[in-house]
Amino acid sequence: MNYDTIKINTNQAESILWELFNIKGTASLLPGEVDFNFRIKIENEDKYILKISRPNEEEDYLDFQQKLLQYVEVNGKDLVAPKVVKDKEGNLISSIIDDYGNERKVRMLSWVTGRVWSSVNPQLDDLRYSLGEQCGLLTKALYGFDHREAHRNFEWDVAQSLWTKKHIDLFSKEEKEIITSFQNQFKGLQETYSDLRKAVVHNDANDNNVIVSEELVNPKVKAAIDYGDAIHTQIINDLAISCSYCIMHHNDPLEAALPIIKGYHSVFPLEENELAHLYIAIAMRLVISVTKSAINKIKEPDNKYLLISEKPAWEVLKKWCKISPDLAYYSFRNACSFSAHPEEKLFKTWSAEQSYNLSDLFPTLNRLEVHHLDLSVSSKWIGHEVEFNDLDLFQFKINQLQKQLQNKIIAGGYLEPRPIYTSTEYDKIGNHGRESRTIHLGIDYWLPEKTPIHALMEGEVVVAVNDAGNKEYGGLVILKHTTSNFEFYTLYGHLSVESATKHKFGDIIKKGEKFAELGGPKENGNWASHLHFQVMLSLLDYTNDFPGVAYFRQIDVWKSICPDPNLLFKPEGLQNNIEITDEDLIYYRKQHLGKSLSLQYKAPIRVVRGAGQYLMDQYGRKYLDTVNNVAHVGHEHYAVVKAGQEQMALINTNSRYLHKNINALAKELAETLPPELSVLHFVNSGSEANELAIRMVKANTRERDIIASEVGYHGNSNMCIDISSYKFDGKGGNGAPEYTHIFPLPDKFRGKYRGKDTADKYVEEVQKQIDKVHKKGRGVGAFIIEPIISCGGQIELPEGFLTKAYKQIRDVGGLCISDEVQVGCGRVGKTFWGFQLHNVTPDIVTIGKPLGNGHPIAAVACTQQVADKFANGMEYFNTFGGNPVSCAIATQVLQTVKKEKLQENALEVGEYLKSELKQLSEEFPIIGDVRGQGLFLGIELIDSDMNPLATKTDYLANRMKDYGILMSTDGPDYNVLKIKPPMVFTKENAKELIFYLKKIFAENFMQL
């Protein structure tokens, strides 16, 4: 039948509403596959959903739906569900005759308020968990209900899904292969599948039939609507349907499904045999969906609703077919609090009864004791990334350690999070950003090349390969072992070429038989000589390899598939140490550290290692760092680390002794500064630098009055706090001290004066403060400002402001201080120092910890005249300022900026990033301003009335952390995202940052 001839329009729906229900309302069309559904509003409030059937629809089927809803109303006490509304005659189902003489059935249900699932963004784990809960509650409420129509033939029933085989020719070759594979799997499981629990289930909790609460942060699923597809079928099918639609648009659909399953199981416990069929049930629902879409393209090409899920369904199917069914099953079990692998407990019980020793594996060594070698993310033994990637050095360290421990086997590694897997070959983009495999699944035994390996017990060779280019194992043998109750596997990696090639599939290795030798570095993937020994309870889908390292987010499943090899040998010293938790650390901080020491993010992260523009937590997860400008040339830059280590090994003392390092640093620094700023003093921090600068001011001018910007921040010492409006005008502050004079933040976007031509107006504000000082009968000591005001929100000074302000101050005998703690050392890109952006030369420049890449060193540069007047007989001495170690480090930082062209990088990447952010602001008006220079940028978030959006800014920073990107907020209203990463930040990093910013700006909470 032609779709256009059976459509019902809104005017017809409103007439039917009045005729049958005596209700006047406004109708709007909703999507639907069979019925024509209309949303009914009365006085602009959603009240009902009017459902008008296609011609000549069976009334028995509609009676089934109405009775089902009435059953849910009685039995679903914890459920929100549509309620049946009777017509004015008291009927559950009404009838009309349409314009073509066809009988149409009409029903009306109460409206369930909220948002449909498909409109909700983001769809996070808590939301998916609540979906599972609601679906489980609905299954529970329907349990016991039955109706003859529930047993009808129905194409959307997963149990009946093999009808799709008749339509396989509608698909391309690749699509046929995917669909046929799933159809064959499903057909092969029919014997056990048919025995699963059955009941009447909703059968259609798709992304347009799930209603979510209105909250934009932490929403919950309220209800499932549209019971038209309810059917008597296997209960697991209902959960499969909830999963299949609500894992769409996720990079990792398996991970996305787990909270749904967990929530469902929490209210309607699933059985283990049901979970064994969930993977294929999800696949077959998607197969039905794409097959129906393919048919409907031909049958009703104008009905867009029938095609709405086609593209995302195919996206999931293509990802789903690449997931091991066994891995999915184990993941489902783990989500439901069963042991992930069903035979894990059997293995642990069996292994507890065994009495194997390491001498059974290595009988020629005559060693039973082990020494634990820590290669974890937090390990100090492995040293810097450059060092642990140096194979010769690594082997040398192993050899030296072995000399010290001649009677022990060096071993360790089970479930160890390691940073040493630096190859990106196994990286993936998951649902939470970039993920790397870091969790080691076996035990490494560090032993000499050609060490013989003997069989612990009889085993069958199931894998024997040699690939010198294999980064994971090199030579590899896997043996299958059979006990009376179960099978398991042992894996032997990093073997010699001969060990791997002399065996073939099916060979039997006898207990105690020597079957392999350790390979050397060239044979085992360029590793130092060692055996990787691993136990597996399943090979999953692997035939020539098996993962030795897992993703942290999957660790609970993998540690069940690959139980601890130490269960076989039970050696002392290799048991995993109990790691102190984040909660323990936070508790201790609260008990013993000052309450003013805050932690970043609502869920703080623990960082244990840094590398370039990344920080790494204790599990090996990398976070792209856009915040820590103190790590100026990159976290733990090797040349900088080495310079400090080498000097620390010689001498570290104060500057009263002659040493070339302080001169070398002075020379490097002076070369970056104007010739007028020729005298240097070295201190330990930006606060000390600004403190010293104020002492210089007092010695030079005999004045104490300082003029500074609103929301300026210059350090945490007493004097620095006294000139920092950011502190004394903020929480806990007492306002400006007597000798501090604050002019308005020179913010041309949202400040007191706005627009391009605001410089003169802010200069006038500086003059007002000068006049204020003079009225008190005193002179101006100094004017201090950052060339780009950091805590003010990365505020770029109006063009021409600094030139005129400096002149004003100097005209009245004051000194000009440029605080370069945040913006100096090439960060702004166009120039090495921020003040150079404004074509001025200050009298004093203060430089902070970025000079030491995080090591406590800072400096004050000043003119000869300022230095001479400061040297008035009172000695300036700083115990640690200018010490040889600090100077060696800072010199290397400056040299690294030059050698690696990091100033040029800041310019190129910064300009690219700023341009991309401005394009983003055109798409998302919430971005009011993008400003800054080089790799010192700010994004200000405002509403349409220019009001600051602090809550949204905080939300964005925390959401970015969820994707492995560290950001932070700033500005007097906390509505500015600051971007000031290590200077090694690349264009690829910038693209990643933009990608996730765009993703989160599109979320419901961020929309104006």
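Things worth noting here:
- Region 753-781 and region 583-609 have their alpha-carbon centroids 42 Å apart.
- Antiparallel %, DSSP beta bridges [both residues in the chain], to 5: 85
- For region 676-721: span of alpha carbons on each principal axis (Å, largest first): 30, 26, 19
- Region 636-737 - percent relative contact order, Cα under 8 Å, separation 6 or more: 14
- Region 807-824 - phi-based ³J(HN,Hα) in whole Hz, Karplus 6.51/-1.76/1.60, Gly and Pro as x: 4, 4, 5, 5, 5, 10, x, x, 9, 10, 10, 9, 7, 9, 4, 8, 9, x
- Among the trypsin sites (Lys or Arg not before Pro) in region 619-705, those located in a DSSP loop and surrounded by at most 10 other Cβ atoms within 10 Å of their own Cβ are ARG656.
- Isotropic mean projected area of the C-alpha convex hull, region 415-464 (nm²): 6.1
- Taking label positions 7 Å along the Cα-Cβ direction at both HIS432 and LYS660, the computed distance is 5.0 nm, reported to one decimal.
- Gain on full extension, evaluated as 0.36 nm per residue between THR424 and PHE995 minus their Cα-Cα distance, stands at 203.6 nm.
- Between ILE651 and PHE396, the modelled label-to-label distance comes to 2.7 nm, taking each label 7 Å out from Cα in the direction of the beta carbon.
- Estimated 222 nm signal from helices in the chain, with DSSP H stretches of n ≥ 4 weighted -39500 (n - 2.57), rounded to 500: -10500 deg cm²/dmol
- Sequence of MET284, MET648, MET719 once ranked by neighbouring C-beta atoms within 10 Å, starting from the fewest: MET648, MET719, MET284
- Evaluated at q = 0.11, 0.27 Å⁻¹, the base-10 log of the normalised Debye intensity for region 811-876, with identical point scatterers placed on the Cα atoms, takes the values -0.31, -1.17.
- In region 3-110, taking the dipole from charged Cβ atoms about the Cα centre, the farthest positive-side position among GLN12, LEU79, LEU29 is held by LEU79.
- Taking only the Cα atoms of region 374-493, the radius of gyration and Dmax are 16.8, 49 Å.
- Anisotropy class of region 902-1006 from Cα gyration tensor, a/c 1.5 cut: prolate
- Annotated for region 3-110: lysine pairs at least 8 residues apart or interchain, Cα distance under 19 Å, count 27.
- Close amide H partners of GLY430, meaning residues 5 or more places away or on another chain with modelled amide H under 5 Å apart, are GLU435.
- When every Cα-Cα distance of region 643-899 is counted in 10 angstrom steps from zero, the calculated P(r) takes the values 7, 32, 36, 19, 6, 1 percent.
- Burial ordering of VAL287, VAL465, VAL773, fewest other beta-carbon atoms within 10 Å first: VAL465, VAL773, VAL287
- In this simple spin-label approximation, LYS595 and ILE508 carry label points 7 Å from Cα along the Cα→Cβ vector, and these lie 7.5 nm apart.
- Mean separation of Cα contacts under 8 Å, 6 or more apart, over the residue count of the chain: relative contact order %: 8
- Mean Cα-pair separation over length for region 726-828, i.e. relative contact order, pairs under 8 Å, 6 or more apart, %: 25
- Whole-Å distance, taken between Cα centres, linking region 894-960 and region 961-1008: 8
- Gain in span if fully extended, HIS151 to ASN56, counting 0.36 nm per residue against the direct Cα distance: 32.2 nm
- Stretched out straight at 0.36 nm per residue, the stretch from ALA871 to LYS776 would grow longer than its current Cα-Cα span by 31.3 nm.
- Antiparallel bridges, percent of DSSP beta bridges restricted to region 643-899 (to nearest 5): 40
- Among LEU540, LEU966, LEU137, LEU941, the order by Cβ neighbours within 10 angstrom, fewest to most, reads LEU540, LEU966, LEU137, LEU941.
- Between region 174-226 and region 361-397, the Cα center-to-center distance that results, in Å: 48
- Orientation-averaged projection of the chain equals 49.0 nm² [convex hull of Cα atoms, one quarter of hull surface area].
Values quoted throughout were computed directly from the atomic coordinates according to the rules given, and no laboratory measurement underlies them. The model shown is predicted, which means the values in this text are computed figures rather than measured ones. So basically every Cβ, Gly included, is an ideal-geometry build from the backbone, and we count neighbours across all protein chains shown.
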